[in-house]
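The values are calculated or read from the model by the stated rules, or taken from the named source; none is laboratory data. Nothing here was measured: the structure is a model prediction, and the numbers come from that model. Glycine gets a Cβ as well: all are built from the backbone with ideal geometry, and neighbour counts include every protein chain shown. Side chains included, ligands, DNA and RNA excluded: accessible areas come from the protein's heavy atoms. Shrake-Rupley method; radii C 1.70, N 1.55, O 1.52, S 1.80 Å.
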Amino acid sequence: MSRPAAGGDIFQAIADPTRRALLDRLRDGEQPVKQLAQPFAMSLPAISQHLQVLCEVGLVTQRREGRQRLYQLNPAPLKQVSEWVSHYEQFWQEKLAALGAYLEDNPCSED
């Protein structure tokens with residue numbers, strides 16, 4: 001598994017489907033790595049590496065409780081992704097509006 005470039009890139013971190021699935025699982029609240037790893041067909045060290053990538057970009061925080069590490073979602077950095085995507089959403093809305101206007105002005109004939 002490759003790690004994000006120095007400093008961590010949120011887009012690269014969420015590009016991996018396993019990391020996105022971990023974020024989805026963390027929406028249910030703070031969890032230990034063993035609980036997070038249950039549905040995945042990979043080792044605990046592999047899951048821990050994915051969690052480390054998410055921690056490096058600030059999407060996940062961890063704390064120790066005894067011998068356990070508990071992981072929690074921090075969705076704030078996803079705002080950067082949302083803002084970037086919103087530019088494309090506006091682009092596509094404009095394109096679809098233009099298409100709708102064109103189709104209204106140029107109805108198809110059923111000959």
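Annotations for the structure displayed:
- Condition met for S43 (under 18 Å from the mean Cα position of the chain (by Cα), without any contact (Cβ under 8 Å) to a residue 40 or more places away in the chain and open to solvent by 30 Å² or more (accessible area, probe 1.4 Å)): no
- Some residue of segment 13-25 being open to solvent by 60 Å² or more (accessible area, probe 1.4 Å), closer than 25 Å to E83 by Cβ, in a loop (DSSP other than H, G, I, E, B) and of a type in the set (A, V, I, L, M, F, W, C): yes
- Taking the criterion of being among the small types (G, A, S) and modelled with pLDDT of 95 or more, the only residue of segment 49-75 that qualifies is G58.
- Inter-residue pairs, beta-carbon under 8 Å, first at positive phi and in a loop (DSSP other than H, G, I, E, B) and in segment 50-79, second buried (at least 16 other Cβ atoms within 10 Å of the Cβ) and modelled with pLDDT under 95, 6+ apart: G58/G8; G58/I10; G58/P77
- Among (1) outside any helix (DSSP H, G or I); (2) more than 24 Å from D9 (Cβ to Cβ); (3) open to solvent by 90 Å² or more (accessible area, probe 1.4 Å), the one test that K95 misses: (1)
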